[in-house]
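First up is the structure itself, then whatever we jot down about it.
The values are calculated or read from the model by the stated rules, or taken from the named source; none is laboratory data. Just so you know, these numbers come straight off a predicted model, no measurement behind them. Reconstructed Cβ throughout: ideal geometry from the backbone, glycine too, with neighbour counts over all protein chains shown.
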Amino acid sequence: MRLTQAVWFLLARLGIAVLLGAVIGAVLGSVLGGIALALAAALAWQLMNLFWLDYWLRDRGNRAPPDVSGIWGDVVSRVVRLHRRKRYHKQRLLELFRELRRSTAAMPDGVVILNAQWEIAWFNRTAGRLLGLHRRVDSGMPLTNLIREPALGRYLHEATFGDPLVMARGDPPVHLSIQVVPYGGEQRLMLVRDVSRQVALESMRKDFVANASHELRSPLTVVTGYLETLLQDEQLDPCLQGPLGEMQRQTQRMNAIVSDLLDLSRLDAVDKEAEGEPVDVVALCASLRKDVLARASHPQVEVEVASDAQLLGDEAQIQSAFSNLVDNAAKYTPASGRIRLSWRLDEDGSARFTVEDTGPGVAAEHLPRLTERFYRVDAGRSREAGGSGLGLAIVKHVLQHHGAELEVVSTPGIGSAFSCVFPPRRVLGGTRGVSIPPAIRSAQG
């Protein structure tokens, strides 16, 4: 270890003290006594410096540092530098924290900082106004004790935080969107936004679509009836048969769109999950296969049953969702292609209904938007096939009402696979690897 100048200075002073002690001891007749006295004086001096250093450190903010030299001077100067650096960083952090609090306080959205126990560490004025919180009495309290909403308790307990939670509070109700973002290990940042206007606009849109679809049904029924009557007239001018036939096809397409819109409106009106009754998916697969084979030009259809489990859900909704998936596959798969319907249980106990086809497939950039209403990958091809752009939207809503998810895998030019994955709580009985029942084998032909 390299000795510093202060250490050499200390050793030199100690050596001089020992030499003086020896000289004084020689004069008094005891050299060792003089050296011991000199060492004792040097030790007392060091202890005195240590005392003054401790005295200053106890209240260094209000006291001047001791005026010492040598190694003690180096120690004091180092402490002074460290203290100044610490005070600078502390002041800097304090300024940053104040700036952060001013910026969050000015945000139009509410901000609440929560710890691992969901206790409130801090919140801005907007959050206090929207959630009815008071800084003096509510800081440090668990959030669920102050906001007794079952939906909020479930949202925090599940700790997925993928989609924001929308809940209504107060009278008249104020709709709040709550999004929790984990950060800093165990900390949570909760963002609160007033979305009452958006909810009102969405409700108006749903009401308009439902009412308009309902009102369109009557005139479409009348037009369809007159067209059927005219087309059955044997004295009809052959030149009119073509236009009237096209009019009939278009009214049928409009009727299908109106029917899908009404189905979506009914699904939108239901907020809670479907109660559920046992649905025989194996028999449903056979029925869907018959529907495809009843088409004038149909692809080959296979049914693969790997479990006899039943599904707990709304049978009409489940049939509608599965039928839309099979209908899409039949529309876009050529007669030389193949469709496979499969029903099986996954390793985690969830159930999976899959529709695979050898159609044109879907490019990756279109997959995130497939379940949007009226979204078409190829508008021309969809109209030619008679699609309304609402089938997959219905599937998405039905699965949401059953706590299920839609998984899509598609490769352009090869085909697509649409899977409805239901949670284990929706599965009733069943085993893996069962053989296809005789009734299903006969239905397959």
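General remarks:
- Residues of segment 227-257 satisfying the condition of being touching a residue at least 24 places away in the same chain (Cβ under 8 Å) and among the polar types (S, T, N, Q): Q248, T251, Q252, N255
For (1) outside the structural domain of E119 (by TED's automatic domain parsing); (2) at pLDDT 85 or above, each residue gets a yes or a no:
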position: R148; (1), (2): no, yes
position: L165; (1), (2): no, yes
position: D171; (1), (2): no, no
position: Y183; (1), (2): no, no
position: E202; (1), (2): yes, no
position: R205; (1), (2): yes, no
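- Residue that is part of a strand (DSSP E or B) and either in the same structural domain as V421 (by TED's automatic domain parsing) or touching a Gly at 6+ places or on another chain (Cβ under 6 Å) (or both), where the choices are V326, V303: V303
- Qualifying positions in segment 252-282 - surrounded by 14 or more Cβ atoms within 10 Å (Cβ to Cβ), among the aliphatic types (A, V, I, L, M) and farther than 20 Å from V427 by Cβ: M254, A256, I257, V258, L261, L262, L264, L267
- Scanning segment 112-135 turns up no residue that is part of a helix (DSSP H, G or I), modelled with pLDDT of 85 or more, within 16 Å of R193 (Cα to Cα) and touching a Ser or Thr at 6+ places or on another chain (Cβ under 8 Å).
- R217 in contact with a helix residue (DSSP H, G or I) (Cβ under 9 Å, 6 or more places away or on another chain) and either assigned to a helix (DSSP H, G or I) or within 26 Å of D268 (Cβ to Cβ) (or both): yes
- Counting only residues that are of a type in the set (A, V, I, L, M) and under 16 Å from R129 (Cα atoms), segment 144-191 holds 9 of them.
- Selection over segment 262-278 of residues that are closer than 17 Å to Q400 by Cα, at pLDDT below 80 and more than 28 Å from the chain's Cα centre (by Cα) gives a count of 0.
- Any hit, segment 34-55, residues being among the polar types (S, T, N, Q), under 30 Å from R84 (Cβ atoms) and at pLDDT below 70: no
- Segment 183-216, subset among the hydroxyl-bearing types (S, T, Y) and more than 21 Å from L152 (Cβ to Cβ), residue surrounded by the fewest Cβ atoms within 10 Å (Cβ to Cβ): S203
- Residue count for segment 142-158, restricted to those that are closer than 10 Å to W118 by Cβ and not in a helix (DSSP H, G or I): 1
- Evaluation of W343 against (1) among the aromatic types (F, W, Y); (2) modelled with pLDDT under 90; (3) in contact with a Ser or Thr (Cβ under 8 Å, 6 or more places away or on another chain) (one fails), failing number: (2)
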